[in-house]
There are 2 protein chains.
Amino acid sequence: MTDVKNAKSPLGPQYPMRDPAGTAKFRHQAIAVILKTDIEEGLQVLLHRRLHEPFSGRWELPSGSVEVNENLDHSVRRHLSRYIDPHVISHQEQLGTYSDVHRDPYDRTIATSYLILVPWNVGEINRGEGQWQTVSHAGDLAFDHQRILGDGIDRLRAKLSYSNISFALAPHSFSIAQLREAYRTVLGYDVAATNLQRVLARRGQLEETGELAKPPGGGRPAKLYRFTSQQLRITDPFAAFKP
Amino acid sequence: MTDVKNAKSPLGPQYPMRDPAGTAKFRHQAIAVILKTDIEEGLQVLLHRRLHEPFSGRWELPSGSVEVNENLDHSVRRHLSRYIDPHVISHQEQLGTYSDVHRDPYDRTIATSYLILVPWNVGEINRGEGQWQTVSHAGDLAFDHQRILGDGIDRLRAKLSYSNISFALAPHSFSIAQLREAYRTVLGYDVAATNLQRVLARRGQLEETGELAKPPGGGRPAKLYRFTSQQLRITDPFAAFKP
């Protein structure tokens, strides 16, 4: 602890500091956990290979420093735009702030991470040196990015059950078979298509578009659906407790 | 934006900076949203009256600067211990990080808030100059603390529906009538006692202690219950989707 009793205000004695200890300053980073589903490859995360120490040669999440004239929401968008077009982002939410004293071996740095989702149909959207990798094969990431990636996946899995977040995994219209594959990819286990459709319909999340699409493998045309809302909300938050 | 191209690494040329723009440093604050329920007064938050500018005379959430040798979890505990004994805390979780460029009129400061819960029976636990106030009468708080308080209440309300967080509102044992009052206090509407008991029992959250307690107002002794777990978890996360 610093000696807070005898610290002087940098603003002058007419402005007593509300906390005289508050002279420590830190670099602050914004970090993006960018996820999308892929039926064949599994859950994908956008990574970048570090060219410099520390952790040279290791993969890291897209990240960068917060500047004096931007807030965190803007900073993370600025940094991730080196790797993808921000217009394809379907959902962005703050995940958590990481402040272990030695998380950066060169200098104390505090970092705030974001969970960023893009729909499964966006194809090759990466710019620059970013690369989609399968989460289960991503290996050991630089800094504490492994833990941050894990927190992002945990958040997405949990929100699939208590929110309508799956709208952000899907394109504008889709078949139930496709949506089921996205759930399976994130959750890691199979989901019954009839059950999925019934639960989402009961919550008022899904509606038919009125169109049909032929499955790529042939067979009967499948009904297409869309989500009724593209805004995140907790689904039926107090259904159990409402009178 | 600063000129990132021509920035030099403060570590020397042998260590090219991973982000040459990363020279900006910020003060960082830890902020505590400390809540408890009170049957008569409603939802309570612990506040402190500011004695200095900016916002002199206004109420604020317990908060203070992060020091070089502590992480955020430790920092928030250190600052809130000026107002309550940390041993009474039943739950602590990170809420969010606030980084608006002008959130502090004196100096750019980034702040991370925590949701902190204490059981309803702890009585007069405040130390120093902290004071419990009813949330609905708390008025306009200093800085962006009004928004942060709102985010804390929203998080608690949402988690009452999809997690077992109510363990942190209650003491070791309690009657269903008492627990129902805690839900009503947080949610702002009445909850049927039989419905509440049924839902929590079905989720495996509640068990009878085997003891009875006389209600303070007289009448039949009521069964006492306890929570089966004091660790936060998402309740039945994929009940709807499990095969």
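Please state which of the following conditions B:R127 fails to meet, knowing it meets all the rest: (1) without any contact (Cβ under 8 Å) to a residue 60 or more places away in the chain; (2) over 30 Å from B:H28 (Cβ atoms).
(2)
For the range B:45-55, check the following and say yes or no: at least one residue is farther than 30 Å from B:F174 by Cβ and open to solvent by less than 30 Å² (accessible area, probe 1.4 Å).
Checking the range B:45-55: at least one residue is farther than 30 Å from B:F174 by Cβ and open to solvent by less than 30 Å² (accessible area, probe 1.4 Å).
Would it be correct to say that A:Q131 is open to solvent by 40 Å² or more (accessible area, probe 1.4 Å), assigned by the TED database to the domain that holds A:L43 and closer than 19 Å to B:G96 by Cα?
no
Within the range B:134-153, count every residue that is at pLDDT below 95 and under 18 Å from B:S113 (Cβ atoms).
Matching residues across the range B:134-153 total 2.
Name the residue, out of A:A168, A:A158, A:A138, that is more than 12 Å from chain B (Cβ to nearest Cβ) and within 14 Å of the chain's Cα centre (by Cα).
That would be A:A168, the only listed residue that is more than 12 Å from chain B (Cβ to nearest Cβ) and within 14 Å of the chain's Cα centre (by Cα).
Report yes if B:S163 is within 13 Å of chain A (Cβ to nearest Cβ), in contact (Cβ under 8 Å) with a residue 24 or more places away in the chain, farther than 24 Å from B:S75 by Cβ and small (G, A, S), otherwise no.
Judged against the criteria, B:S163 is a match.
Within the range A:113-132, track down each residue that is in a strand (DSSP E or B), away from every other protein chain (no Cβ under 14 Å) and either at pLDDT 95 or above or over 18 Å from the mean Cα position of the chain (by Cα) (or both).
Across the range A:113-132, the qualifying residues are A:I116, A:L117.
Do we find that A:P105 is touching a residue at least 40 places away in the same chain (Cβ under 8 Å), under 18 Å from A:Y83 (Cα atoms) and either in contact with a helix residue (DSSP H, G or I) (Cβ under 7 Å, 6 or more places away or on another chain) or not hydroxyl-bearing (S, T, Y) (or both) in this structure?
Taking the combined requirement at face value, the residue does not satisfy it.
Could you check the range B:25-72 for strands (runs of 3 or more DSSP E) lying wholly inside it with 3 or more residues that are in contact (Cβ under 8 Å) with a residue 40 or more places away in the chain and more than 9 Å from chain A (Cβ to nearest Cβ)?
Passing ranges, in order: B:27-36, B:44-49.
Looking at A:P215 and the list (1) over 23 Å from A:V88 (Cα atoms); (2) surrounded by fewer than 20 Cβ atoms within 10 Å (Cβ to Cβ); (3) within 14 Å of chain B (Cβ to nearest Cβ); (4) not charged (D, E, K, R), which single condition is not satisfied?
Only one criterion in (1) over 23 Å from A:V88 (Cα atoms); (2) surrounded by fewer than 20 Cβ atoms within 10 Å (Cβ to Cβ); (3) within 14 Å of chain B (Cβ to nearest Cβ); (4) not charged (D, E, K, R) is unmet by A:P215, namely (3).
Please indicate, with yes or no, whether at least one residue in the range B:79-97 is touching a residue at least 60 places away in the same chain (Cβ under 8 Å) and closer than 18 Å to A:L72 by Cα.
Yes, the range B:79-97 contains a residue that is touching a residue at least 60 places away in the same chain (Cβ under 8 Å) and closer than 18 Å to A:L72 by Cα.
Could you check the range A:76-112 and list, in sequence order, the residues that are small (G, A, S), more than 8 Å from every other protein chain (Cβ to nearest Cβ) and crowded, with 22+ Cβ neighbours inside 10 Å?
Passing the criteria: only A:A111.
The values are calculated or read from the model by the stated rules, or taken from the named source; none is laboratory data. Please read these numbers as outputs of a predicted model, since none were measured by experiment. Cβ atoms come from the backbone with ideal geometry, glycine included; neighbour counts cover every protein chain shown. With ligands, DNA and RNA removed, areas are computed over all heavy atoms of the protein, side chains included. Shrake-Rupley method; radii C 1.70, N 1.55, O 1.52, S 1.80 Å.
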